[in-house]
1. Order these peptides, 129-136, 157-164, by their mean beta-carbon neighbour count within 10 angstrom, highest first.
2. Using all alpha carbons of segment 357-468, what is the percent of pairwise distances in each 10 Å bin, ordered from the shortest bin to the longest?
3. Restricting things to alpha carbons, find the Rg to Rh ratio for segment 1-115 using the Kirkwood radius for Rh.
4. Given Cα positions, please report Rg to Rh for the chain, the hydrodynamic radius being the Kirkwood one.
5. Taking each pair of different alpha-carbon atoms in segment 122-264 once, compute 1/r for the pair, average those values, and report the inverse of that mean as the Kirkwood hydrodynamic radius in Å to one decimal.
6. For segment 110-194, what is the Kirkwood hydrodynamic radius in Å, using each pair of distinct C-alpha atoms?
7. I'm a student and want to see the number: the projected area of the Cα convex hull of segment 280-401, averaged over all directions, in nm².
8. Full-extension gain between residue 755 and residue 628, please, as 0.36 nm times their residue separation minus the C-alpha to C-alpha distance.
């Protein structure tokens, strides 16, 4: 006889297991020796974790069936083996034959069946191919200067996996455990994938999909979506370790403006500080940092400064962060109770214990002076945490942390448990502190290290890459994987951070690709030749400028993707299979799409499969009808061949796209003048959208935004009702329909004829419309 519960508990051979469902399509499984682990999480907010939908329970022999509105979980009580199916009977995820759950020596290992057509993605910015099948990976945040295309682990630990089978069905798995952990996708055994950790709880969630987009949104529901970024963070950004003086930094901004290279951000690395000490200023080389901030503001540019998490061990020297930190007892301790001291950029340094809420508040208050002078954003680097001296490049595992956080039992722990959390909690402290100091402005924080859920507080980048063609290629899979893993705002060091300087062609190609990345920052290390946009001569600079300009023309589209991400969790930069899961059934390398990526659902970027080679390469698209972005002309089939050429990055537009583009500006702060272009690429499911707000404040949360859907078919263009109170900058719409053949059509709006112009060579028809804020249909035809 069936009964209804909000969770189910079973015990066998000294193991207790609990199954619940925070949502009908999400199952949570917890297990432990004798008893269940503490129900606490840094990644899943309490309001989500505490949810439990009703489960209908029926028992037959050793099997117990647990049913929600979307899933059926079968538990073999004799072995504690679990199989999860959807309501149509399709297996979502099943335990592998044999020992599926092994809890021993404080750690655990789980094994799941791995079908022959399964593919696995996620885990953040891991190296290697986008598809994780056949690989094994370690999750342990590590400082990896100049990492190679096979280095593992890297800077972030995101124990989230998206599985996809050959039919396009998907599932998600998130292991909520911060200890050193692993995922093995068939490397050690043929028909199973496994995951586990050195310690901590068995606590994982299974998301049922059914499609990959559903899984990504499920994971965002669990761990949170990124906050809507300030619009300026989507512009071009210039950085170096380091611009060594205020004069040099100002000169970079002046050159960007003089050369008409659109840009929004200048970054300062550690050398603006006094003796590399966070929250200080070297007043000899930067005599007037507030003045620099204000001068940049007059140039419509923003300043981001680095603030590493280590505090110089500097007693009796008037170093306020040290003095106040010691007074407030904020630093991590050795087992003997004395503060841990490790060598980093300032020399001997102390490390705040970010697992304590009061310590995070202390850290956030350190930004008062910077926020007061108008510094726009903050960069948390070295927060794995990195320490120079030991071979592990981090602090010993027995360094003590004190957990003091709502929802957790107050207790002492060690870096063995919280090492992977340090970067996330550091960036959380920065985000929350800056928000408290300037509650009307959206904070911008960049972090190198993080954990699942860290997307709620910071953007990220792929760390200390190298100037090589291999790293340019790797950047695509890393950024796509970060987007799937929650970090929609991610970038890499354009041109490469470490190693020899990039060749002229390498830097140009990297800027071309970077123009379609979420975060677009040129950054490089000391000792290398200059790497700014203008190096290598006029021909290279002109190409680079053209791609940066194209990004700014696309800003209405890109900012609309940011709005979508803040509401749904769908990444800006994404793999082709996210929108077209059937491509994985077409053969090797994800049906030929592994080197491609999409910006939103409408633009597909297809770089060369081998950057160094001049040989032609074949581009396979998800279907017929796509358009060449640069010419606007439709392709004749679902594939094309490109010959690599400097200055040309193949970009294609989905048939059925309505793409908004704006007049060129030199900064997102500059208001575009004139009209908004609506470029229409006819096809099935023809639609697009507009989103706009002030780009900086939280007024959009109170209705000060503009959001509007637009659709089209063979005979009309339709505008939906405009939501929100924000007034647009545009005076009207310039509509361009691509793929047009034949004479000029009759265009009518509200009974009035609208003049149109045909360009036979470009196969376009163009016409102008007033701004349309209410439902309206523009008839096209005749």
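Quick note: the coordinates plus some simple rules give every number you see, no bench work behind them. Predicted model, so just to flag it, every value in this text is computed and none were measured. Neighbour counts run over all protein chains shown; Cβ positions are idealised from the backbone, glycine included.
1. My ranking of the peptides, most packed first, is 157-164, 129-136.
2. Per 10 Å bin, starting at 0, the Cα pair percentages come out as 13, 40, 34, 12, 1.
3. 0.94
4. The Rg/Rh ratio comes out at 0.97.
5. 18.4 Å
6. One decimal place: 13.3 Å for the Kirkwood radius.
7. 8.6 nm²
8. So the extension gain works out to 43.1 nm.
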